[in-house]
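The structure under discussion appears below in the form of structure tokens.
The values are calculated or read from the model by the stated rules, or taken from the named source; none is laboratory data. From a predicted model like this one, the values you see are computed outputs, not experimental measurements. Because the Cβ atoms are built from the backbone with ideal geometry, glycine has one as well, and the counts that use them run over all protein chains shown. What goes into the accessible areas is simple: the full protein's heavy atoms, side chains included, and nothing from ligands, DNA or RNA. Shrake-Rupley method; radii C 1.70, N 1.55, O 1.52, S 1.80 Å.
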Amino acid sequence: MITIVMGVSGSGKSTIGEGLATRLGIPFIDGDSLHPQANRDKMARGIPLDDNDRQPWLEAIVAEMDRHRASGQSLVLACSALKKRYRDFLRKGHDDVRFVYLHGTRDLLADRLGHRSGHFFNPALLDSQLATLEEPSRDEALWVDIGDSPTDTIESVIRRGCAQARGTASR
């Protein structure tokens, strides 16, 4: 099983993904670590990525997913997966991929980004990410509101994960 924790920057993908992986005892990969340096530099300058920028990044993520599949390992991965076609590309016909969508208000996301340090993402890009976001349907992803503590959010994902990831998880 590959669980992709998705959402815009500031939604807590890395925190929730890492905590979920730890709780489940499986590996975690932060998709941000797979961005080419050119993408990191572009975002740091406050320039939104486009589809061409994202494609090599998505390919690197798929390569990691395939590597874990080949070794029989489950995986939790943090990835914005903003567009449906990105999610379809990440799924690539595999039925072992499920998405957990971290959903929050613009104000909460902006507040979180305003308090974050040491990350290449420029908080000024939040609106461009929200404009690009194609929210997944509730059949495509498990929706989780981000207002709770990380621990409560992780427990909610574990408690609700299998029951509400219809169509995305193998049975």
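Of the candidates Gly17, Gly46, Gly25, Gly7, the single residue that is without any contact (Cβ under 8 Å) to a residue 24 or more places away in the chain and not acidic (Asp, Glu) is Gly25.
Within the stretch 2-12, is even one residue open to solvent by 60 Å² or more (accessible area, probe 1.4 Å) and either among the β-branched types (Val, Ile, Thr) or over 21 Å from Asp145 (Cβ atoms) (or both)? So far as the stretch 2-12 goes, no, none of its residues is open to solvent by 60 Å² or more (accessible area, probe 1.4 Å) and either among the β-branched types (Val, Ile, Thr) or over 21 Å from Asp145 (Cβ atoms) (or both). If you check Asp88, Asp95, Asp41, Asp66 for being open to solvent by 60 Å² or more (accessible area, probe 1.4 Å), part of a loop (DSSP other than H, G, I, E, B), acidic (Asp, Glu) and on the phi < 0 side of the Ramachandran plot, only one passes: Asp95.
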